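Below is one structure, written out as structure tokens; the observations come after it.
The values are calculated or read from the model by the stated rules, or taken from the named source; none is laboratory data. All values derive from a computational prediction rather than experimental measurement. Cβ placement follows ideal geometry from the backbone for every residue including glycine, while neighbour counts extend to all protein chains displayed. Only protein heavy atoms, including side chains, enter the accessible area calculation; ligands, DNA and RNA are left aside. Shrake-Rupley method; radii C 1.70, N 1.55, O 1.52, S 1.80 Å.
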Number of protein chains: 4
Amino acid sequence: MAGNSFGTLFRVTTWGESHGRALGAVIDGCPAGMPLSEDDLRAELILRRPGRRYTTPRREPDEPQILSGVFSGRTTGMPISVVVWNRDVDSSYYESIRETPRPGHADLAYVKKYGYENWDYRGGGRASGRETVGRVIGGAVAKKLLSCLGVLVTGYVVELGGVSFPKADDPEEALRSRLSPFRVLGNEEEAERLLREALSERDSLGGVVEVVAWGVPPGLGEPVFDKLKADLAKAMMSIPASVGFEVGWGFALAKARGSGARDPIVASAGEPVLGGERAGGMLGGISVGGPIRVRVAFKPTSSIMIPEKTVNIRTLEEEPIRVPGRHDPAIVLRAVAVAEAMAAIVLADHSLRAGLLSPVRLEWSASCERVWKLYEEFSPAS
Amino acid sequence: MAGNSFGTLFRVTTWGESHGRALGAVIDGCPAGMPLSEDDLRAELILRRPGRRYTTPRREPDEPQILSGVFSGRTTGMPISVVVWNRDVDSSYYESIRETPRPGHADLAYVKKYGYENWDYRGGGRASGRETVGRVIGGAVAKKLLSCLGVLVTGYVVELGGVSFPKADDPEEALRSRLSPFRVLGNEEEAERLLREALSERDSLGGVVEVVAWGVPPGLGEPVFDKLKADLAKAMMSIPASVGFEVGWGFALAKARGSGARDPIVASAGEPVLGGERAGGMLGGISVGGPIRVRVAFKPTSSIMIPEKTVNIRTLEEEPIRVPGRHDPAIVLRAVAVAEAMAAIVLADHSLRAGLLSPVRLEWSASCERVWKLYEEFSPAS
Amino acid sequence: MAGNSFGTLFRVTTWGESHGRALGAVIDGCPAGMPLSEDDLRAELILRRPGRRYTTPRREPDEPQILSGVFSGRTTGMPISVVVWNRDVDSSYYESIRETPRPGHADLAYVKKYGYENWDYRGGGRASGRETVGRVIGGAVAKKLLSCLGVLVTGYVVELGGVSFPKADDPEEALRSRLSPFRVLGNEEEAERLLREALSERDSLGGVVEVVAWGVPPGLGEPVFDKLKADLAKAMMSIPASVGFEVGWGFALAKARGSGARDPIVASAGEPVLGGERAGGMLGGISVGGPIRVRVAFKPTSSIMIPEKTVNIRTLEEEPIRVPGRHDPAIVLRAVAVAEAMAAIVLADHSLRAGLLSPVRLEWSASCERVWKLYEEFSPAS
Amino acid sequence: MAGNSFGTLFRVTTWGESHGRALGAVIDGCPAGMPLSEDDLRAELILRRPGRRYTTPRREPDEPQILSGVFSGRTTGMPISVVVWNRDVDSSYYESIRETPRPGHADLAYVKKYGYENWDYRGGGRASGRETVGRVIGGAVAKKLLSCLGVLVTGYVVELGGVSFPKADDPEEALRSRLSPFRVLGNEEEAERLLREALSERDSLGGVVEVVAWGVPPGLGEPVFDKLKADLAKAMMSIPASVGFEVGWGFALAKARGSGARDPIVASAGEPVLGGERAGGMLGGISVGGPIRVRVAFKPTSSIMIPEKTVNIRTLEEEPIRVPGRHDPAIVLRAVAVAEAMAAIVLADHSLRAGLLSPVRLEWSASCERVWKLYEEFSPAS
């Protein structure tokens, strides 16, 4: 059943397989009047692109092409269709493992659900991490839209291979992770050491991404099912390889006493606000003003040279499989861009749902531009 | 904006406030032909009911009344409307704290979003845990429907106040938690000790619920956004007081190496299946056959006698607040029933979406009945 | 599958059967701050009520009870649940015709779809016109909401038994039909004569309702599928007994030449507006300012004493059936209230979708009140 | 707000502007295992293509390119993305009329809603009839899917310029209209005469399309809002230039007496079925088995050389406009393909909703193939 659209008012539909002709996204519900160019998308795509250090060597130029919804450099309110052509595709390897579903991958699920005959087994097909190209495109449009609310969406790695990395206390600090190939805020050497070690052992690492949205106005989230925390959870847990999600202190809060688990409410500039981050910036699943903070756990890359047991679909015999391919030692590095994108999509959608942005027409002002420029300032060249 | 419906084909809409006239749910999309009575609902409502030991002493009979969609004891395929009248309501206390939003509660969010004048402040209004009555009703219908697929949805407390409690290895073991006032599988004395201690200190405890759905067939979950894990995440994170969610090993998986993070695929009765529980029973967000295992973290009850800082909305002065009310020392005990209900709703919806159940007509057989009876067998008398 | 909700942001879910315990609606997405009482609903319910002259003599008090979403007389932004209890129910007659599906009624469709055993045959069950109680409740809330945009939704009969009746040129004229038992604007004697004649022949009449929404602002309707005309069409064609729909000149426009089919664009108060009603107030399916005009055709009441052929479901023999019951000689008279309600729901939803009303909080002003009072001014006492 | 997706389980999202780079559709929810090629789409696109006789001379090759969702010639269950590149685009003319919204076109609505600056005025932008390319692509996939239920979707012109044309009594007869440039069943000379006459007077004609779906099984349509007739109405009234919709006898039924308005129920091959076409094959908005018959009225082409009054958006002065362009004398001729496509999308969606087709996996059999071949048999070469 149809499951490739996300969002209610700001709705992103993605399509495309790892080794198909192309991938893309249709973004429906972006108001008219927002400047948008392929450069805006490219900058975000670079951050999820493989080919940076310690990510898979597959070379994808990931050149986005806007086919509709933009006229004279501005959105028209019509659906924005973006395509990215697949170029560097080599499917030959997958032929050889077609009958042995890779442990940790979606292969077995697709075979059971859609049938072996109907399964595009090349590079994981639709279940490949490459699918997230469409998400990042949608996220870029969402981020730009959110700029007009003063919202900045950032992400970084706070845990890699079980080792903790620093958190950000302000937006600029958070943005700095965009310039790090490991998406961390400090301790780059440690990150590099961990990755090098895993690689040398032909193994892989998991990790945790923290996404912080700065400057989120109060009122986002619709009780009782479409709470902001609920939609963020769905967004994050739809990302390939995600295995956990928490808001604020999350699982640590479950160990706390009630007396230490509540953010005090304090007066700030004549406004009652949260005096802490235990709740991640939400009460009752609704933003109350201030940063929204969530974390997403990602499992280690499943495609490694260390063999694991599987079952041959034809013979039904158990046999070991090792997956060389072209893969990341830690998928979490590239997942940062995707988690940011999904958060931005949720926040854009909820900003529209809460009436904080016009669903029809945007006034793109200097202050929108100022926020948007912050992303560019912290964009790697390639 | 409309946010009180959950599900696509099996859709539950809930309504009602803590101190309003009534609460209820409309369940739309239940196939015709399923036996359904108020007794079926009552049994599940008892499990989320306050008034059991160590939960709030508020006495609610929670008598469900089915107003539509059932004829001659069977569902007709039409929307099932259920109402539960509020009886034991005393709003006087809330008058006194109306101007001082309770830390950890949704008060401040509602005031900021909907306006102080429009806020039903009595007992938390719509943001009260009492809202979950509608979820449990929807969940009871979903559980009964899932019986025909052989699916049994169970839950229990695996962590309370930072202390671990046992997990279930089979469905009957899991069901046994329904008979425990602490919803644990063993170590009841420890649970009781923890609660008594917290109560004596006028404090409260958080905890973690594990929900296991047994006998889930392969193929549930729709790529790429409506994955089973994604919809479960949304369902769980929409529950009041939830702060974290994980599938399988979850956050622990983020600390593992790739070589230890993959469930081997093994042959079982001539079928390739998962030889482990790291992934919680899903690959690519799709069930592959076997139990689905997720965990949800709940924060400690916020309404305690230990004061916390808040801001008076009129004076904008900071002042401490203590919240006597009638409250649970650990909301997580009652959250088990709600988490089970939400899981059941997601699984029923996805069973329909994957075509595993007819959306129109159900044949209620002896084997459906057998599964459904298991719940009854482990139902507390009151 | 779930099909009992209508609308995207302003969403009405209805439930209930003709001879069940009760019927009702849940209205989700109404902004906070709108005054709402049971009186507001009662006034509209009276207009669809049977028991006025020349409608079925079934006596239903139709007392609406608001169970949630309203606090201190104002909406809270939470779902508004309304119930109307069934009182005057006599199902004995339907027992006798249970095996002979009534021609023109939904009986046969329900039997084929849901199964004979699962069919609530009493009074048409869910397929009864009584189902529209929930629509009218939703419509009343929508109308009140639209008052704040200056929009007034009116309807009247323009054709009865093939005879034409006058159209309205201004809102007050249109409102006057609310005081007519035949819902016409003039020629009441002719309407009465037609009905008396049909009754005396134990036959029934069809007719056409025109719905005009006055004061609709430009910009309602979302290309390309959720055009205003498309959603109005769906709304109207979901009403029991509706068989046709047209906007503006409708089918007559299909006979016109292009040179006579376009509304000129003229300047009015310095604004370009439509200088005609050919297009019903929309271009490209989007409102352009000015009245929206649509028409809905209703077939004659199917339940009449004149026999028609049917097939006994048990014997599979053909046999004639005559349906005494308690029925209207012309369903179209009561359909006016329902068509108005559905139009109001669509317009309220699209006003929110186009950002013309805040989805969160309404300022209820004297000018809102002024528009809303117009309905009351033209409300029959009972 | 997002409005470019249609359908619940079988969901078509379209995008693209008349003079943009490309147009396309994403079809989400098509089960795996259906053979699909670009040829399948091409055959249907030819039927809506301009460039046939008496349609606009704009030459569009309309070459569909499938970018995803098909592997080894069969659908995979993943979203099917199709693109059609715009080639024959000349926007210069539209520059000259940019400030004078064309009467009968959507120009004024788009300017008022999205803002003059954000309006893609070239060739009507998104509001162009060219938008329907995406609908026809979605419809082709839907038709092929419906073949497996034995459903054949046909359409033809039953009224042109006020003159009636014959209806079909069986599927093959209906299919024959695909070979007629006027999409009529007989009286081609009369159709040609009417068109030639209108052209010579530089005027245009409206008309009515009848769509008949043959072999529709009982049970399609979900009470009470998602009735089959309601969703067909929305589908049809979302088509550019549509102004009216009716099922069965439609508006004529409103003039009938009840005694003549009911289809008798008769026994056919031991099954109770409708013995007439008054209701268009539905009862209570649900199909009962047998052909579904609806009609859609289309207004005459608005772009003609005969001038009409408009208002200059800059000067706010009234002035006449004539629209040369490259246009059809009767849009209704090409609308047949679009109306068929929309009907097919609705029926495919409802077949899935009613559980008559697996949402996951299709067995493409010889009998599916046989039905699908019927379309090809009656396909024009170009």
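Every condition in (1) more than 9 Å from chain D (Cβ to nearest Cβ); (2) surrounded by fewer than 24 Cβ atoms within 10 Å (Cβ to Cβ); (3) over 27 Å from D:M237 (Cα atoms) is met by C:D170 except one, and the failing one is (3). Checked against the criteria, B:A233 does not count as closer than 17 Å to B:V153 by Cβ, open to solvent by less than 10 Å² (accessible area, probe 1.4 Å), touching a strand residue (DSSP E or B) at 6+ places or on another chain (Cβ under 8 Å) and more than 8 Å from chain A (Cβ to nearest Cβ).
Evaluating A:I304 against the criteria (1) at pLDDT below 95; (2) more than 7 Å from chain B (Cβ to nearest Cβ) leaves one unmet condition, (2).
Could you give every pair whose Cβ atoms fall below 7 Å, whose first residue belongs to the stretch A:87-101 and is among the acidic types (D, E), and whose second residue is at pLDDT 80 or above and surrounded by 13 or more Cβ atoms within 10 Å (Cβ to Cβ), counting only separations of at least 6 or pairs across chains? Within 7 Å, the pairs are A:E99/A:N312; A:E99/A:I313. Scanning the stretch B:12-22 for residues that are surrounded by 24 or more Cβ atoms within 10 Å (Cβ to Cβ) and facing chain C (nearest Cβ under 7 Å), we see that the one that is nearest to B:I345 (Cα to Cα) is B:T13.
All conditions in (1) in contact with a Pro (Cβ under 8 Å, 6 or more places away or on another chain); (2) within 29 Å of A:L283 (Cβ to Cβ); (3) surrounded by fewer than 24 Cβ atoms within 10 Å (Cβ to Cβ) hold for B:L179, with the sole exception of (2).
When every residue of the stretch A:132-150 is checked against the conditions, at least one turns out to be of a type outside the set (A, V, I, L, M), in contact with a Leu (Cβ under 8 Å, 6 or more places away or on another chain), part of a loop (DSSP other than H, G, I, E, B) and buried (at least 22 other Cβ atoms within 10 Å of the Cβ).
Suppose the filter is within 13 Å of chain C (Cβ to nearest Cβ), in contact with a strand residue (DSSP E or B) (Cβ under 6 Å, 6 or more places away or on another chain) and touching a residue at least 60 places away in the same chain (Cβ under 8 Å); does D:I321 pass it?
When the stated conditions are applied, D:I321 passes them.
For the stretch D:361-376, does any single residue satisfy the condition of being farther than 14 Å from D:F6 by Cβ, open to solvent by 10 Å² or more (accessible area, probe 1.4 Å) and touching a Phe, Trp or Tyr at 6+ places or on another chain (Cβ under 7 Å)? So far as the stretch D:361-376 goes, yes, one or more of its residues are farther than 14 Å from D:F6 by Cβ, open to solvent by 10 Å² or more (accessible area, probe 1.4 Å) and touching a Phe, Trp or Tyr at 6+ places or on another chain (Cβ under 7 Å).
How many of the residues in the stretch D:292-308 are open to solvent by less than 20 Å² (accessible area, probe 1.4 Å), assigned to a loop (DSSP other than H, G, I, E, B) and not hydrophobic (A, V, I, L, M, F, W, C)?
4
For the stretch C:151-165, the criterion of a residue being in a helix (DSSP H, G or I), more than 23 Å from C:F10 (Cβ to Cβ), at pLDDT 95 or above and of a type in the set (A, V, I, L, M, F, W, C) is satisfied by no position.
Filtered by the rule that a residue be open to solvent by less than 20 Å² (accessible area, probe 1.4 Å) and aromatic (F, W, Y), the stretch C:238-285 gives a lone residue, C:F245. Checking each residue in the stretch D:87-132 for being aromatic (F, W, Y) and more than 23 Å from the chain's Cα centre (by Cα) picks out D:Y93, D:Y94, D:Y114, D:Y116, D:W119, D:Y121. Going by what's in this entry, would A:A213 be described as farther than 25 Å from A:F378 by Cα and either in contact with a Phe, Trp or Tyr (Cβ under 6 Å, 6 or more places away or on another chain) or at pLDDT 95 or above (or both)? So A:A213 fails the test. Kindly provide the set of residues from the stretch D:363-382 that are under 18 Å from the mean Cα position of the chain (by Cα) and either of a type in the set (A, V, I, L, M, F, W, C) or assigned to a loop (DSSP other than H, G, I, E, B) (or both), ordered by number. D:F378, D:S379, D:P380, listed by residue number.
In the stretch B:241-281, counting only strands (runs of 3 or more DSSP E) that sit wholly within it, the ones holding 2 or more residues that are of a type in the set (A, V, I, L, M, F, W, C), touching a residue at least 12 places away in the same chain (Cβ under 8 Å) and within 8 Å of another protein chain (Cβ to nearest Cβ) span B:242-247. Pairs are defined by a Cβ separation below 6 Å, a sequence spacing of at least 6 or placement on different chains, a first member in the stretch C:195-220 that is open to solvent by 20 Å² or more (accessible area, probe 1.4 Å), and a second member that is part of a helix (DSSP H, G or I) and of a type outside the set (S, T, N, Q); the pairs so defined are C:W214/C:P171; C:P218/D:K112.
Total residues in the stretch B:175-215 satisfying the condition of being within 14 Å of another protein chain (Cβ to nearest Cβ) and within 21 Å of A:F245 (Cβ to Cβ): the figure is 5. Select from the stretch C:329-343 the residues that are under 16 Å from the mean Cα position of the chain (by Cα) and open to solvent by less than 10 Å² (accessible area, probe 1.4 Å) and list them in ascending order. C:A330, C:V332, C:L333, C:A335, C:V336, C:A337, C:V338, C:A339, C:E340, C:A341, C:M342, C:A343 - these are the residues of the stretch C:329-343 that are under 16 Å from the mean Cα position of the chain (by Cα) and open to solvent by less than 10 Å² (accessible area, probe 1.4 Å). Under the condition of being part of a loop (DSSP other than H, G, I, E, B), away from chain D (no Cβ under 13 Å) and hydroxyl-bearing (S, T, Y), the residues counted in the stretch C:73-120 number 2.
One line per residue, one yes/no per condition, for (1) open to solvent by 10 Å² or more (accessible area, probe 1.4 Å); (2) more than 12 Å from chain D (Cβ to nearest Cβ); (3) within 21 Å of C:G248 (Cα to Cα); (4) touching a Phe, Trp or Tyr at 6+ places or on another chain (Cβ under 9 Å):
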position: C:G290; (1), (2), (3), (4): yes, no, yes, yes
position: C:T310; (1), (2), (3), (4): no, no, no, no
position: C:E317; (1), (2), (3), (4): yes, no, no, no
position: C:V346; (1), (2), (3), (4): no, no, yes, yes
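Only residues that are modelled with pLDDT of 65 or more and either more than 23 Å from B:R21 (Cβ to Cβ) or surrounded by fewer than 20 Cβ atoms within 10 Å (Cβ to Cβ) (or both) were counted across the stretch C:38-62, and they come to 9.
Which residue out of D:G207, D:G221 is at pLDDT 95 or above and within 18 Å of C:D107 (Cβ to Cβ)? Within the list D:G207, D:G221, the selection yields D:G221. Among the residues of the stretch B:121-147, those that are at the interface with another protein chain (Cβ under 9 Å from one of its Cβ atoms) and in contact with an Asp or Glu (Cβ under 9 Å, 6 or more places away or on another chain) comprise B:Y121, B:R122, B:G124, B:G125, B:R126, B:A127, B:E131.
Filtering A:V158, A:V184, A:V163 for residues that are open to solvent by 40 Å² or more (accessible area, probe 1.4 Å), farther than 27 Å from A:I27 by Cβ and of a type in the set (A, V, I, L, M, F, W, C) leaves a single hit, A:V163.
Determine, yes or no, whether A:K299 is touching a helix residue (DSSP H, G or I) at 6+ places or on another chain (Cβ under 7 Å) and more than 26 Å from A:L175 (Cβ to Cβ). Criteria met by A:K299.
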